[in-house]
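**Q** Before anything else, here's the structure in question.
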Amino acid sequence: IVDLMGISSAEAMADVEVLFQRIPSDAIPAMEQSLRRSQESLSPWLHEFPIRTTTGEAKWLRGHSVPHREKDGATCWTGVLEDITAPKQAEEALRAAQDQVRQMQKMEAVGRLAGGIAHDFNNLLAAIMSQSELVLMNLTDRDPRLRSDVEEINKMARRGAALTRQLLAISRRQPLHIQVLNLNRLVTDMAPMLQRVIGEHIEFVVHQDPTVSHITADPGQLEQVLLNLAINARDAMPQGGRL
């Protein structure tokens, strides 16, 4: 402790205020309170507190001390101060890791919930699409306005199915489905969702290459890749930017 405080043993014994000068101001009230309780009850004092060394390095100490009364009524303390910086740092690292695990568990639970809802909703949309297609097959040319309305219903259902497919991809509950697809169209369809993910503080611009041909891939996997890229970009630009 003498090395940590940068003072001599005589100074440490003569003036406890030297120690207090190394303690951050926000930690002093708790330490004074614990010392006062120990002094009043003459019970052992055990307290952990941070200090700053002469080089500005943060350290943690644990004080073990026993108070006793002198004949003149003064209170004296006998004890030791222990450097517990290493175990404290390990404790903080463990707590941070536990918080991260809990956060991952929460995200996994949200993903499972989103996947379950999306799966059920996708079944409803599939029924709407099939029924609207049956109606279209039975409509005659004398019902152009009705046909237009049913076609719009079918179109909206297909757009809803595309959104649920994205939710299923996020929750990883969608089975691998390799198909030939248009990459430009996939990016265009995902653009509104990506804009919502990154937030309004980031400008979102899509530049497509008209020479890109069709590819063979799993659309859900590609959507997951694009979503991950967008989230990483958002996290890298907390003050805003352009993606």
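**Q** Taking amide H atoms as placed 1.01 Å from N in the peptide plane, list the residues 5 or more away in sequence, or in a different chain, whose amide H sits under 5 Å from that of residue 47.
**A** 63
**Q** Ok, one more. Once all Cα-Cα distances of the chain are split into 5 Å bins that start at 0, what whole-number percent is in each one?
**A** 1, 5, 8, 9, 10, 8, 7, 6, 5, 5, 5, 6, 6, 5, 4, 3, 3, 2, 1, 1, 0, 0, 0
**Q** Quick check: pseudo-label points 7 Å beyond the Cα along Cα→Cβ at residue 184 and residue 36, how many nm apart are they?
**A** 7.5
**Q** Something else now. Give me the percent of accessible area attributable to carbon and sulfur for segment 29-116, probe 1.4 angstrom. Present the calculation step by step, with values, prior to reporting the outcome.
**A** Details: 3390 of 6070 Å².
That fraction is 56 percent.
**Q** What value, in deg cm²/dmol to 500, does the helix sum -39500 (n - 2.57) over DSSP H runs of n ≥ 4 give at 222 nm once divided by the residues of the chain?
**A** On the way: 8 runs with 143 residues, N = 243.
Rounded to the nearest 500, the figure is -20000 deg cm²/dmol.
**Q** Suppose accessible area is computed on protein heavy atoms with a 1.4 Å probe; arrange 71, 59 from highest to lowest. Numbers along the way, then the final one.
**A** On the way: 71 215, 59 35 Å².
Correct descending sequence by accessible area is 71, 59.
**Q** Excluding residues fewer than 8 places away in the same chain, name every one of the lysines whose C-alpha is closer than 19 Å to that of residue 88.
**A** 59
**Q** Leaving out ligands and nucleic acids, note down the accessible area per residue over the chain with a 1.4 angstrom probe, in whole Å².
**A** Ligands and nucleic acids excluded, the figure is 68 Å² per residue.
**Q** Using θ = phi - 60° and the Karplus curve 6.51 cos²θ - 1.76 cosθ + 1.60, what whole-Hz ³J(HN,Hα) does each residue of segment 70-75 get, with Gly and Pro shown as x?
**A** These are the phi-based 3J(HN,Hα) values: 7, 4, 7, x, 6, 9 Hz.
**Q** By how many degrees, 0 to 90 and rounded to 10, does the Cα axis of helix 28-41 deviate from the longest principal axis of the chain?
**A** Approximately 50 degrees, to the nearest 10.
**Q** Mind listing the phi-derived Karplus ³J(HN,Hα) values for segment 144-153, rounded to whole Hz, using 6.51, -1.76 and 1.60 with θ = phi - 60°, and x for any glycine or proline?
**A** x, 5, 5, 4, 4, 5, 5, 4, 5, 4
**Q** Can you give the local net charge around residue 82? Use residues other than it whose beta-carbon is closer than 12 angstrom to its beta-carbon, Lys and Arg +1, Asp and Glu -1.
**A** Values: positive: 59, 62, 88; negative: 48, 83.
Summing Lys and Arg as +1 and Asp and Glu as -1 gives +1.
**Q** Shifting gears a bit: Which percent of the accessible area of segment 140-243 is formed by carbon and sulfur heavy atoms (probe 1.4 angstrom)? Present the calculation step by step, with values, prior to reporting the outcome.
**A** On the way: 3870 of 7100 Å².
Within segment 140-243, the accessible surface is 55 percent carbon and sulfur.
**Q** Report the charge-dipole magnitude of the chain in Debye, nearest 20, computed about the Cα centre from +1 at each Lys and Arg Cβ and -1 at each Asp and Glu Cβ. Write out the running numbers ahead of the final one.
**A** Values: 26 positive and 31 negative charges, 173 e Å.
That gives the chain a dipole magnitude of about 840 debye.
**Q** Using the Karplus equation 6.51 cos²θ - 1.76 cosθ + 1.60 (θ = phi - 60°), what ³J(HN,Hα) coupling, rounded to whole Hz, does each residue of segment 212-223 give in order, writing x for Gly and Pro?
**A** 3J(HN,Hα) across segment 212-223, in whole Hz: 5, 8, 5, 10, 10, 6, 8, x, x, 5, 5, 4.
**Q** Can you list residues from other chains, or at least 5 along the same chain, whose modelled amide H is less than 5 Å from the amide H of residue 218?
**A** Distant-sequence amide H within range of residue 218: 179.
The values are calculated or read from the model by the stated rules, or taken from the named source; none is laboratory data. Computed from a predicted model, the values in this text were never measured in an experiment. Heads up, the Cβs are rebuilt from the backbone with ideal geometry, glycines too, and the neighbour counts pull from every protein chain shown. Note: accessible area is taken over every heavy atom of the protein model, side chains too, but ligands, DNA and RNA are not part of it. Shrake-Rupley method; radii C 1.70, N 1.55, O 1.52, S 1.80 Å.
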